[in-house]
Amino acid sequence: MTEPAASGPADLIIMGCTALVHDSAEGVGFAEDAAIVVRDGVIADVTTTDGVARLDAVERVDARGQAALPGLINCHTHSPMVALRGIAEDLPVEEWFNDYVWPIESNLSERDVELGARLACAEMIRGGVTTFADHYFAMDTVADVVADTGLRANLGQAYFSSQGPEGRAASLDFALRHRGTADGRVTTCLAPHAPYTVDDADLAATAELAREHGLLVHLHAAESRAQTEHSLARHGATPIEILHRTGLLDVDVLIAHGTGIVDRDLPVLAGAGGRVGIASAPRGYLKFAWDPTPVRDLAGIGIPVGLATDGAASNNSLDVWEAMALTALVQKSTTGDPRWLTSRQALHHATLQSARAVGLGDRIGSIAVGRRADLILVDLTGPHTQPVHDLAATLVHSARSGDVRTTIVDGRVLMRDRELLTVDVAAVVRELGERLPALVERGHGKRIQEYDA
Ligand SMILES: [Zn+2]
């Protein structure tokens, strides 16, 4: 709460809002009648509305009646899969992969990936997501879309061992060419698909590359209890133990799902030499009838659990707001404890824990001086959010992603009063619609991979 050091007009001032702030113990709190000053894409000051009365700004947003939050972070998705939203419903995961998703993905063109990514970015901006961790194919195309649409992203080119060493080499090549692009908004990772599609030698080589180049590794692991049981039967080790023995827990790793993490995995994770984060996407687990991510066990060993949606082919939406509400509800239901996973804890998962999980814990996830200016403004005036007795509960259990009015990344407004400024949704939907019959064709009998986990 200091006077801004820089002179001259600020780039952006948001004033009159209630700002979500973290105290020194990372407790979630709210600053009333707050003002946020942005210069050069960074939060330069967090003060009061009175404190900015005489400060000039290029753009000034009067946010009375709104809450300012750190932008939401989608810690694990496959953004172009929005093109397959609803294509394979009410199925177990084996049939979902083998009969629908992997045959259809053998048809994918770069143009399909681009249109899907654009639609996904539009959906995420509308839902208050400012950063996403994406794991897919043709990622050069996704990187271009991120640059265009103004979002922040951690991107990884996915690979299977069935591609040979070229898959891993292409993932590294992508990561090195794109890291730091889009004015620093793009960070990158190595992206092996999962321990059941990437063999131990390939995982170990990936860990070596991650160490050598200082890259995050983002992969699926322990997606379900059934996978953990199969892994034990086949390899005598859980998926988490495989990550450990191949060196992947000695580098920074983002693990998607972890619903199959079992008690014997906890000391292994606690002893990891690298920074481990878990991405949890509860809607998909409910649909596949999987257990939830063991959030309370992971909290007990200090592992951050970030919020995610996975791809829209399983999750049907990229709504991180919903992932936040479901995390709170599913945790209460499965632990049998109404005191576990309070609204403030859910907001901590949505902010600092998600930022850490995607390797950006020092840059985003908090409204604080020096952090990137990734901010959302949430309308609290609707009948479903009034009156406000407990703002944390209002945000988690009453507000919806549709209440996000304004989305800002690096100080740039990407949505103002619900109007998207960087994506032409109608044009994307029109062209994608023309391409869908060819994309979803499955008569060719090909698939990019076999699910047998
Ligand atoms: Zn996934």
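Please list, in order, the residues from segment 73-99 whose amide nitrogen is less than 11 Å from a point placed 7 Å along the Cα→Cβ vector of residue 333.
Of the residues in segment 73-99, none has backbone N under 11 Å from the label point off residue 333.
Determine the shape class of segment 154-250: with a ≥ b ≥ c the square roots of the Cα gyration tensor eigenvalues, call it rounded for a/c under 1.5, and otherwise prolate if a/b is greater than b/c, oblate otherwise.
Judged from the Cα gyration tensor, segment 154-250 comes out prolate (a/c at least 1.5, a/b above b/c).
So between residue 384 and residue 7, what do we pick up on full extension, going 0.36 nm a residue minus the alpha carbon distance?
Taking residue 384 through residue 7 to full extension adds about 131.5 nm, to one decimal.
How much net charge surrounds residue 100 when only other residues with a Cβ under 10 Å from its Cβ are counted (Lys, Arg +1; Asp, Glu -1)?
Every neighbour counted, the sum reads -2.
How do 351, 47, 181 rank when sorted from fewest to most other Cβ atoms within 10 Å of their own Cβ?
181, 47, 351
Based on the Cβ-Cβ distance from residue 33 to residue 173, what FRET efficiency comes out when R0 is 51 Å, to the nearest 0.05?
That gives a FRET efficiency of 0.55.
Could you tell me the distance between the Cα centroids of segment 397-420 and segment 28-106, to the nearest Å?
8
Using the per-residue mean of other Cβ atoms lying within 10 Å as a proxy for protection, in what order, highest first, do the peptides 169-178, 310-319, 17-26 fall?
310-319, 169-178, 17-26
Report the per residue volume, in Å³, of the convex hull enclosing the C-alpha atoms of segment 40-123.
172
Output the relative contact order of the chain, whole-number percent, from Cα pairs under 8 angstrom with separation of 6+ residues.
Worked out over the chain, it gives 22 percent.
Once all Cα-Cα distances of the chain are split into 10 Å bins that start at 0, what whole-number percent is in each one?
P(r) for the chain, in whole percents per bin: 4, 22, 32, 26, 12, 3, 0.
Using the charge dipole of the chain (Lys, Arg: +1 at Cβ; Asp, Glu: -1 at Cβ; taken about the Cα centre), state which of 370, 37, 101 has its Cα farthest towards the positive end.
With unit charges placed on the Cβ atoms, the residue in question is 37.
If you bin the C-alpha pair distances of segment 308-350 every 10 Å from 0, what whole percents do you get?
31, 47, 22, 1
Could you please rank 446, 332, placing first whichever residue has the fewest other Cβ atoms within 10 Å of its Cβ?
The most exposed by this proxy come first: 446, 332.
Among 102-110, 67-75, 403-411, how do they line up from the highest to the lowest mean number of other beta-carbon atoms within 10 Å?
Averaged packing, sorted descending, gives the order 67-75, 403-411, 102-110.
Can you grab the distance from the C-alpha centre of segment 249-281 to the C-alpha centre of segment 109-150, Å, no decimals?
Between the Cα centres of segment 249-281 and segment 109-150 lies a distance of 27 Å.
Express in nm, to one decimal, how much length is gained between residue 162 and residue 98 on full extension, taking 0.36 nm for each residue of separation and deducting their alpha carbon distance.
Additional length available on full extension: 21.5 nm.
Can you give me the Cα centroid spacing of segment 424-453 and segment 153-210 in angstrom?
24
Here, each number is a calculation from the coordinates, and none is a lab measurement. These numbers were taken from a predicted model, which means no experiment stands behind them. Counting neighbours? That spans all protein chains shown, and the Cβs are built from the backbone with ideal geometry, glycine included.
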